Amino acid sequence: MLVVFRGLPGTGKSFLARKLLQRRPGFLVLSRDRLRATVVPRPTFGPEEKGLVDDMIVLMAGFLLARDRDVVIDGMALSSAKRLQEFAQAARAHGAPFRIVECVCAEKTALSRIGSDRGAHPAGDRGGKLYFEVKARFEPSAEPVLRVDTDGETEANVRAILAYLDAGQP
């Protein structure tokens with residue numbers, strides 16, 4: 001299974017991905033932030049660098065799916081419908097179920113979260129400016145998604161995600 005967490009910065013994608021892993025420890029997490037820190041010695045957070053790392057994550061997801069591993073994609077807003085389709089194609093190529101969890105919350109909440117983890121988050125470009133840039137280019141998914149409001153209760157969101165993964169319908 002390939003599970004993609006998508007949403008604007010500060011909407012709780014990584015937080016919910018970690019909660020999911022507590023319940024499903026067999027999933028492997030591919031994180032743009034961790035991969036970039038590993039393969040790019042002095043990240044610039046520019047579009048070419050992000051594209052390279054994103055391409056690597058798509059390839060790695062396919063590699064792991066071919067080996068019957070369950071994969072979670074984290075650390076990417078996945079604002080592009082084209083990039084989402086690349087993940088969907090990778091899952092289909094390996095006969096793996098594909099699920100998208102779209103995290104949403106109030107703008108005020110996201111900006112507060114971004115401000116509170118400033119300097120501690122591995123994405124050096126994370127901030128209000130990035131939030132509004134991603135929001136301006138965020139495209140709807142052509143694939144079905146489960147939208148979870150992370151202003152809501154965490155445990156209810158985790159239960160909804162688990163039910164979605166098991167049933168396959170949002």
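Any read-out appearing in this document is the output of simple, stated calculations on the displayed coordinates, not a laboratory observation. Predicted model, so just to flag it, every value in this text is computed and none were measured. Quick reminder, even Gly has a Cβ in these numbers, built from the backbone with ideal geometry, and neighbours come from all protein chains shown.
Summary table
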quantity: Packing-based exposure ordering (other Cβ within 10 Å, fewest first) of Phe98, Phe15; calculated: Phe15, Phe98
quantity: Rel. contact order, % - alpha carbon contacts under 8 angstrom, at least six apart, the chain; calculated: 35
quantity: Helix-derived mean residue ellipticity, 222 nm - over the chain, DSSP H n ≥ 4, -39500 (n - 2.57), to 500; calculated: -16000 deg cm²/dmol
quantity: Of Lys19/Lys82; Lys50/Lys108; Lys19/Lys50; Lys13/Lys129; Lys19/Lys129; Lys50/Lys135, those spanning more than 23 Å from alpha-carbon to alpha-carbon; calculated: Lys19/Lys82; Lys50/Lys108; Lys19/Lys50; Lys19/Lys129
quantity: Exposure proxy order (Cβ contacts within 10 Å, fewest to most) of Val53, Val134; calculated: Val134, Val53
quantity: Kirkwood estimate for segment 2-167, i.e. one over the average of 1/r between Cα atoms, Å; calculated: 16.1
